[in-house]
1. Out of (1) farther than 26 Å from residue 145 by Cβ; (2) under 20 Å from the mean Cα position of the chain (by Cα); (3) within 16 Å of the ligand (Cβ to nearest atom), what's the single condition that is false for residue 243?
2. Give all pairs with beta carbons closer than 6 Å in which a residue from the stretch 212-234 that is open to solvent by less than 20 Å² (accessible area, probe 1.4 Å) meets a residue that is not in a strand (DSSP E or B); count only pairs at least 6 apart in sequence or on separate chains.
3. When only residues in the stretch 181-193 that are of a type in the set (Lys, Arg) and assigned to a strand (DSSP E or B) count, which is farthest from residue 75 (Cα to Cα)?
4. Looking at (1) more than 10 Å from the ligand (Cβ to nearest atom); (2) open to solvent by less than 50 Å² (accessible area, probe 1.4 Å); (3) touching a helix residue (DSSP H, G or I) at 6+ places or on another chain (Cβ under 6 Å); (4) not small (Gly, Ala, Ser), find the lone condition where residue 251 falls short.
5. Could you tell me which numbered condition residue 3 fails, if it satisfies all but one of (1) modelled with pLDDT under 95; (2) surrounded by 15 or more Cβ atoms within 10 Å (Cβ to Cβ); (3) not small (Gly, Ala, Ser)?
6. Being without any contact (Cβ under 8 Å) to a residue 24 or more places away in the chain, more than 11 Å from the ligand (Cβ to nearest atom) and on the phi < 0 side of the Ramachandran plot is the filter here; which residues of the stretch 61-86 pass it?
7. Only residues that are more than 19 Å from residue 160 (Cα to Cα) and surrounded by fewer than 16 Cβ atoms within 10 Å (Cβ to Cβ): list them for the stretch 86-110, please.
8. Step by step: first the residues of the stretch 254-277, then only those that are of a type outside the set (A, V, I, L, M, F, W, C) and more than 15 Å from the ligand (Cβ to nearest atom), then the one that is nearest to residue 164 (Cα to Cα). Which residue is that?
Amino acid sequence: MSENNLPKGVSFVTENGLEALRVETDLCTGLVYRNGAHVAEWTPRGAEPVLWMSGSSEFTDGKAIRGGIPICLPWFGPGRDGNHSPAHGFARISPWTLTSADVSDSGEARLVFVLTGDEVEQLADFPSDFTASYAVTMGSALQLSLTLTAGEQALDFEEALHTYFAVGDAREVRIQGLDGADYLDKVAGDRKSQSGDVTFSQETDRVYESVSTCRIIDKQLGRSIVIEKVGSANTVVWNPWVAKSAAMADFGDDEWTQMCCVETVNALGAAVEVEPGRSHTMAATISID
Ligand code: TA6
């Protein structure tokens, strides 16, 4: 698509030296980088920004952006065998192509991006004839829909919408919706079951077995962020806390209090298999109240 066939409210921009799409409508503002089809900003009119972005993030084509909504695909972290690179797969560091952009009369902007094997440099052992399609609808809510379609070769993959949320103080945040869910505690290296709300008092990195809606209750900002999802069997909750933040060059040492990740995921035992010619969609709807 070129600039002259974008609808009013959507424009091509260069932000931090990267190609991006800026959304500015009556309902919200937003920003999506071509690199990784990376949703970097979404701010409903009259609200504080909902997504967090590190002040130390790198902005380089082919590199991961620290914040917003990285797309992890077709593996999560180092993959199920622990040997896959780049971390979290190639989707978040590949150039996606904008295939459609529409703005409704009410001001909802819908952008659709596509990625095929032709644009990927580090496919590893993943079939090259896949098609990934990512629909981003920005309005008073943020709707994300990631669809993977297999070509002649079946697909077996992990996926995540690795969303970084902006919070007033992670130490005062409560996450509802995971009570009773079993989880892999990647910090302690064991499995546990969640009792009550999730709170942060140390490095937290958990893969929950849950299809539930989550609510981040932000005491300091006086708001809640709701994450509803379809087609996702895992929810990952992450806050790097002090030491892990200091160890990441693209994460400010003191930024950990301003963010938490509640991620919409299919990973580990919930990895997805798609037969040739078939598709699978994972979707999330983010809203504030
Ligand atoms: O989703 C949590 C996690 O898997 C953590 O283990 C941590 O590695 C985080 O993702 C960030 O990964 P990245 O490759 O973006 O530094």
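1. (2)
2. 214/177; 218/167; 218/168; 224/289; 234/267; 234/270
3. Taking the stretch 181-193 first, the residues of a type in the set (Lys, Arg) are 186, 191-192.
Those left that are additionally assigned to a strand (DSSP E or B): 191-192.
On the way: 191: 21, 192: 23 Å.
Here the answer is 192.
4. (1)
5. Among (1) modelled with pLDDT under 95; (2) surrounded by 15 or more Cβ atoms within 10 Å (Cβ to Cβ); (3) not small (Gly, Ala, Ser), residue 3 violates only (2).
6. Within the stretch 61-86, 81, 83 meet the criteria.
7. Narrowing the stretch 86-110 to residues more than 19 Å from residue 160 (Cα to Cα): 97-110.
If the condition is that a residue be more than 19 Å from residue 160 (Cα to Cα) and surrounded by fewer than 16 Cβ atoms within 10 Å (Cβ to Cβ), then 97, 99, 100, 102, 104, 105, 106 are the ones that fit.
8. First, the residues of the stretch 254-277 that are of a type outside the set (A, V, I, L, M, F, W, C): 254-255, 257-258, 263-264, 266, 269, 273, 275-277.
If we keep only those that are more than 15 Å from the ligand (Cβ to nearest atom) as well, we get 254, 257-258, 269, 273, 275-277.
Numbers: 254: 15, 257: 12, 258: 10, 269: 24, 273: 27, 275: 32, 276: 33, 277: 33 Å.
Filtering the stretch 254-277 for residues that are of a type outside the set (A, V, I, L, M, F, W, C) and more than 15 Å from the ligand (Cβ to nearest atom), the one nearest to residue 164 (Cα to Cα) comes out as 258.
The values are calculated or read from the model by the stated rules, or taken from the named source; none is laboratory data. Everything numeric in this text was worked out from a predicted model, so none of it was measured. All Cβ positions, glycine included, derive from the backbone under ideal geometry; neighbour counts span all protein chains shown. With ligands, DNA and RNA removed, areas are computed over all heavy atoms of the protein, side chains included. Shrake-Rupley method; radii C 1.70, N 1.55, O 1.52, S 1.80 Å.
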